[in-house]
Each structure stands twice: as structure tokens, then as C-alpha cells.
Amino acid sequence: MARNNDRADQASLREEPELIEKLVGINRVAKVVKGGRRFGFAALVVVGDGKGRVGFGTGKAKEVPEAIRKATDNAKRDMVRIPLRDGRTLHHDILGRYGAGRVQLRSAPAGTGIIAGGPMRAVFEALGVQDIVGKSIGTSNPHNMIKATFVGLKKIQAPRSVASKRGRKVADILGKTSEQAAAS
């Protein structure tokens, strides 16, 4: 019986690499009932592997640690893969919209760092992006900012996938300059 538990533990270690968990926010919420209010907590968490996979989740519970655990489990379930250029930035600039939240995500040259506000910064750190410029336009609500960021990130397309869809070469998609074409 002990052997089965060891195998299950080893299997779970192989499935989940080291994940980066970022707590974005905790809100105290109240439910009005007969005789007063019942207080609970709502947590917003971002989880990523630092190599191009990221997810976010929310959780509500009577206690803070339980809300964080629920949010983390939710985030791990809903992780998505985002293509990165050189493993450090985005392939192209993009605008993401969710509700009143709009975010502008711009790829940046090496050494720029993460220039973005609170909730977006947590997403980029968990994703493993090292150089990016992000701007929030409209709302400062963390939920809508994160959802708008994910809408934008899901629209990112790698040049290789675009080339394969169009039946062209990657160089045609990226638009080789005449100097590079003359050199090759």
C-alpha cells in the first residue's frame, strides 16, 4: 500500500513542474443575512511555470488561506500556453479588451525589463516574460485587467504558426529587408 502512495507522489511531481504563484488581491466580501452580515474572503491568484504557461483563478471562502487555495487550484486548471519570442518577450504588439478594461501589450528589446502595473506585472512574472511594456487603459479593477491581459495574450501568434496556416515561409511572414535578402 505504501508503494502505491509513493508512485502517486512521484507521478504528481513529474506532472507539475515548479509553479510560480502570485497573489494579486484579497477582498473581504459580506453577505447580509437576518441578524447581520456574514464575512468571507475572495482571492485572485496568478500561476505560471515561467516558461510560457500561465493561468489565473478566483476563490471564495470564510478564511483567507482556504480562498487562496481554491483560487490557486482554479488557476492551475485553466493554464494556457503563450508563444514567446526568444523566451523573453512577445512576438508582436497587441491590445486586449475585457469589459471596461483595455490593456496594451508591447514587445520590448532585451534589457527593458517588465514595465507594467500591478496585476499585469504578476501575469508577466508568472509567464516568464522578461522584457515587455504594458499599459492599462480604462479600469484599474484587477479582475478586469487580468482578464483583458489574458484576452490579449491568447491573440498572440508565433510567426511559424502563421506561416504554416498561409503555406508560406517564416521569412515571408517576417518581411525580410532588401539588405538581408541580398546578403543571402
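We did not get these values from a lab; they are worked out from the coordinates using the rules stated. Quick caveat, the model's predicted, so the values are computed rather than measured. Every residue, glycine as well, gets a Cβ built from its backbone with ideal geometry; the counts of neighbours run over all protein chains shown.
Annotations for the structure displayed:
- Compactness of segment 82-169, expressed as Rg and Dmax over alpha-carbon positions, Å: 13.1, 42
- Only lysines eight or more places from residue 62 in sequence, or on another chain, were considered; those with a Cα closer than 19 Å are 31, 34, 70.
- Global form of the chain, assessed from the alpha-carbon gyration tensor, a/c cut-off 1.5: oblate
- Comparing 110, 171, 42 in a Gaussian network model of the chain (Cα springs below 10 Å), the most mobile by mean-square fluctuation is 171.
- Residues 105, 23, sorted so that the one with the fewest Cβ neighbours within 10 Å comes first: 23, 105
- Interchain or long-range residues, amide H under 5 Å from residue 93's placed H: 107
- 3J(HN,Hα) couplings calculated from phi for segment 124-130 with the Karplus curve 6.51 cos²θ - 1.76 cosθ + 1.60 (θ = phi - 60°) are, in sequence order, 5, 5, 5, 6, x, 6, 9 Hz; Gly and Pro show x.
- DSSP loop GluC sites (Glu not before Pro) with at most 13 other Cβ within 10 Å: longest gap in the chain: 64-184
- Taking a ≥ b ≥ c as the square roots of the eigenvalues of the alpha carbon gyration tensor, segment 13-80 is prolate, as a/c is not under 1.5 and a/b beats b/c.
- Seen against the Cα atoms of the chain and their longest principal axis, helix 64-77 is set at about 40 degrees.
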